[in-house]
Amino acid sequence: MTGAEPEPPPTLVPRIVRKALVTVLVGGVSYLVSNALIHGPNEDLWSLLLATFISGVAFVVQFLVDVDDQLQTVRKEQSRQHSKTHTLVADSFTRINEASKLFGLMEMSSLHTRGVAELVRNATKIRDDMPELVKSLVHHEISRMAKFLGELTDGRYALYEGEDRDWLLALAKNTQVSLDAISLTSVDARDIEFAGGFWHTDLGQRYVKLQRDLVQRGVRVRRVFVMDRSERLDSDAFRRVWKWQAGVGIEVRTLLLTDAPPLLRGSLSDFILFDGVVYYESNPAPQLGDDIAPVIHSTILVRDQERVRERVERFSELWQAATPAA
């Protein structure tokens, strides 16, 4: 719908013909009436002149009525177009002002504006003729990113249902100072031989390769393996894991759960400290047996400085209690 006025229905008699008929009718009636009322010499001439004058007046009146109708129509159309233009301009300026505010806030942000601008630019390429599934996927990803930013900035933590991949790899790639990790067998190991666990997955191997790159850049990487059973320490599978990590420059220590500080023993968790400013924690679901792979129930990323400080102190205590892998 365009909002245009509906066209008038076609008339059986055109306007000009109707005007002519009305003029002739008025002139004829005027001639008959004047001829009946005027008597004397040249009465036919005077009757004709009077009828002609009256019919001319009738024609002019019809013309003026049509002109007035057309003027009223033009005024209404102009008023409608003015309102439409005013609304369009106002909406456009509102959108421009909103966009200007957003880009102004983006410029004030510490984030790289190039990446945000590229996101907006690529989002505008989503066309209406694309499949609904593709558009739904894009909307979902944008909403997920908006939710992540809101949680991390306003709530000072972000929660992911299940095992995260992107946060872990991105944080490991961009760490500048230190990476300190507590690794629990309830998260990393699959069975008593430590084979088939996290470190043998694609994610685990990519994670270690990124830590190797960190060490080559001068970043200190430390890991404490907290073992729930002493036999895991002597297994060939675990030896291969820690020797592989030590070989790329990671400082590796081991700690039996029974040797952990008593105050920490009941609240141990699998977490990673990145640069001492954020920590990443995996929360496993209850494990039903040694032969069943651990399932990560949720992953949390926390930047709250008080909670981060607690994790820094906890890692320091566990690191001091642990012994170098040998």
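Once the other residues with Cβ under 12 Å from the Cβ of Gln176 are scored (Lys, Arg +1; Asp, Glu -1), what is the net sum?
+2
Can you give the net charge of the other residues whose Cβ lies under 12 Å from the Cβ of Gln320, counting K and R as +1 and D and E as -1?
0
Give the carbon-plus-sulfur fraction of the accessible surface of the stretch 233-322 in %, rounded to a whole number; probe 1.4 Å, heavy atoms of protein chains only.
53 percent
Could you order peptides 235-246, 77-88, 208-219 by the average number of other Cβ atoms within 10 Å of their residues, highest first?
With the highest mean Cβ count within 10 Å placed first, the list reads 235-246, 208-219, 77-88.
If you wrap a convex hull around the C-alpha atoms of the stretch 196-260 and split its volume per residue, what is the figure in Å³?
Each residue corresponds to 79 Å³ of Cα convex hull volume.
The values are calculated or read from the model by the stated rules, or taken from the named source; none is laboratory data. What you are looking at is a predicted structure, and each value in this text was computed from that prediction instead of being measured. Positions of Cβ are generated from backbone atoms using ideal geometry, with glycine treated the same way; all protein chains shown enter the neighbour counts. Side chains included, ligands, DNA and RNA excluded: accessible areas come from the protein's heavy atoms. Shrake-Rupley method; radii C 1.70, N 1.55, O 1.52, S 1.80 Å.
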